[in-house]
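Take a look at the structure set out below.
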Amino acid sequence: MTTPQDDLLPSTRRALLHRIAVAQSEGRAPSLVAAVVRGGKAVWHGARTSVDGHGPDENVQYRIGSITKTFTAVLVLRLRDEGVLDLGDPLEKHLSGTGAGEITIAQLLAHTGGLAAESPAPWWERTPGSLRPGLADVLGEQPFRHPVGRRHHYSNPGYTLLGALVEEVRGAPWEDVLRREVLEPLGLHRTSGDPQAPHAGGWAVHPWADAMMPEPTEDLGRMAPAGQLWSTTGDLSRFAAFLIEGDDRVLSAESVREMRTPAAPSETADLAVGTSYGLAMQILHRDGRTLVGHSGSLPGFLAGLVISVEDDVSAVVLSNCTSGPPTFSVAADLVRIVAEAEPRIPEPWRPMAEVDRTVLELAGQWYWGTHPFGLRVPATGGLVLGPLSGIGRGAHFRTNGDGTWTGLDGYYAGELLRPVRRDDGSVSHLDLGSFVFTRQPYDEEAQVPGGVDAAGWRGTK
């Protein structure tokens, strides 16, 4: 994989190098490697290392820890999109005998199933997976810590269950399914369950001395779907591009958008710092932009993948130490540096190729009661509804092909927008999830719920 350095300005490249240099130095990391993605391709790669004359490149593997969960979630969403299962299905419907079958698949994806954060002792990240050969060994005798569906509580065992679900439905090991259905189609040939040379070694750095010792590298066994994978900045750059645009060979743009959408209730502390969680994706509001992605850690390794969809900029940061540079925050800083130094240049405006007059007549001003809204018909397709006063609920809509539209985001996500026509075919009003939008405030000729006062509008006399 090549990284065309001239795609960024020299000043931007220097700022990126400075940020990772500070992170490696202050974090006392044996090595740190990073990449920036823009417009679907890697545009910068950087590395810092404690070894003279050596620098890891975009093909050197590091362990990525919980970023593995995002890969597992892609497999589960594929099953949903194929109609094999529904995210609202209880686990028991597809994987019986776990003792946690009442949890829905969506709750497992969003960490709202109430399961414990970790498996029973000994510490699973630093011991062989053979100590936990079955799901009962992963879950333990008391797998629940909270009522199902009531709160977000990060759970590694929950993703073990999702991996087992994939294996049950596909009839093959989780890693084999992952390679066949995700890694190979996306060209992620340097992502694997076991390390493949060249790869970094994992280290523990003494907290009070500049000394190191090697960390063990364990096969996580049943826990693999929660954190087993090794990857490179090259492969994760391609994965980040996929998580923005989707790829119909793997998962549609609509489904990856769903992964990036908040799906779990935020704790009070999370609300204070603007964080939430989607389907195996962390969501962070920082520096005026929304960032999505995932962090990862296992003994000897730290990882961060951060995406700004609006800026079309992503960053990957990998390091080989147990504690040290905050890779997720560093990746967020790399995104910010590029987005602020070289803001995205919008595509030229172009008119639509063909005009559908039945859609065009929906455009313009509408009123919900007395609240004014505008409905636009963009060349990119769909409809865009937004308040004209700056206060109110807006949404994008996609066509259903039968004259109706379905909301894609915000309050109206999943709700049906239906133009109601008169006998002559003209549009009387819009019905949006039972709300009536009219061309005039409380239009007396439309079917306004509760009716319109016969005397109409009046003053004080």
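For a quick check of your reading of the filter: which trypsin sites (Lys or Arg not before Pro) in segment 224-293 sit in a DSSP loop and have no more than 16 other Cβ atoms within 10 Å? Working shown, then result.
On the way: sites: 238, 249, 257, 260, 286, 289; in loops: 249, 260.
Passing both the DSSP loop test and the Cβ count: 249.
Is the shape of segment 1-94 rounded, prolate or oblate, going by the alpha carbon gyration tensor and its root eigenvalues a ≥ b ≥ c, with a/c under 1.5 for rounded and a/b larger than b/c for prolate? Mind dumping the intermediate values first?
On the way: a/c = 3.32, a/b = 2.12, b/c = 1.56.
Because a/c hits 1.5 or more and a/b exceeds b/c, segment 1-94 counts as prolate.
Relative to the Cα centre, what is the charge dipole magnitude of segment 5-341, using +1 at the beta carbon of each Lys and Arg, -1 at the beta carbon of each Asp and Glu, and rounding to the nearest 20 debye? Could the numbers behind the result be given before it?
Values: 29 positive and 41 negative charges, 97 e Å.
Its charge dipole is roughly 460 debye.
Would you calculate a helix-derived [θ] at 222 nm for the chain, using -39,500 (n - 2.57) for each DSSP H run of n ≥ 4 and dividing by the full residue count, to the nearest 500? The partial results should precede the final answer.
On the way: 12 runs with 111 residues, N = 461.
Rounded to the nearest 500, it is -7000 deg cm²/dmol.
Take the alpha carbon gyration tensor of segment 165-215, find the square roots of its eigenvalues, order them as a ≥ b ≥ c, and report rounded if a/c is under 1.5; if not, report prolate when a/b exceeds b/c, else oblate. Display every interim value, and only then the final one.
Details: a/c = 4.37, a/b = 2.41, b/c = 1.82.
Prolate shape, in that a/c is at least 1.5 and a/b is the bigger ratio.
Assign one of three labels to segment 60-134, namely rounded, prolate or oblate, based on the Cα gyration tensor with a ≥ b ≥ c the square roots of its eigenvalues; rounded applies when a/c is under 1.5, prolate when it is not and a/b is larger than b/c, and oblate otherwise.
On the way: a/c = 2.15, a/b = 1.33, b/c = 1.62.
Oblate, since a/c reaches 1.5 and b/c is not below a/b.
What percent does the relative contact order of the chain come to when contacts are Cα pairs within less than 8 Å and at least six residues apart? Intermediate values should be presented prior to the final figure.
Numbers: 970 pairs, mean separation 72.1, N = 461.
Relative contact order here is 16 percent.
With the Cα gyration tensor of segment 357-438 in hand, give its eigenvalues times 5 under a square root as the equivalent ellipsoid semi-axes, listed largest first in whole angstrom. Don't skip to the answer; put the middle values down first.
Values: eigenvalues 61, 46, 31 Å².
Value: 17, 15, 12 Å, ordered largest first.
Could you tally the net charge around residue 446, taking each other residue with its Cβ under 12 Å from the Cβ of residue 446, Lys/Arg +1 and Asp/Glu -1? If you can, show how the numbers build up before the last one.
Values: positive: 421, 422, 439; negative: 431, 443, 444, 445.
Summing Lys/Arg as +1 and Asp/Glu as -1 gives -1.
Would you mind counting up the charge near residue 225? Only other residues with Cβ under 12 Å from its Cβ, with Lys and Arg at +1 and Asp and Glu at -1.
Numbers: positive: 69, 222; negative: 167, 175.
Residues close to residue 225 contribute a combined charge of 0.
For segment 155-270, how big is Rg over Rh, using alpha carbon atoms and the Kirkwood form of Rh? Write down the numbers at each step before the final one.
On the way: Rg = 17.1 Å, Rh = 16.7 Å.
Ratio value, two decimals: 1.02.
Across 10 Å bins from 0, what is the distribution of all Cα-Cα pair distances for the chain, in whole percents?
Percent of pairs per bin, in order: 4, 18, 26, 23, 15, 9, 4, 1, 0.
Within a Cβ distance under 12 Å of residue 181, other residues only, what is the Lys/Arg minus Asp/Glu net charge?
Details: positive: 78, 170, 179, 180, 249; negative: 81, 82, 175, 176, 184, 247.
Charge balance in the 12 Å sphere: -1.
For 242, 435, 301, what ranking results if the residue with the fewest other Cβ atoms within 10 Å of its Cβ goes first?
By the 10 Å Cβ count, ascending, the order reads 435, 242, 301.
Mind checking the full-extension length gain between residue 21 and residue 102? Use 0.36 nm per residue of separation minus the Cα-Cα distance, one decimal, nm.
Details: separation 81, 0.36 × 81 = 29.16 nm, distance 4.79 nm.
So the chain would gain 24.4 nm between residue 21 and residue 102.
The numbers here are math on the coordinates, done by the rules we state, and not lab data. Note that the structure is predicted; figures quoted are calculated from it, not measured. FYI the Cβ positions are ideal-geometry reconstructions off the backbone, even for glycines, and counts take in every protein chain you see.
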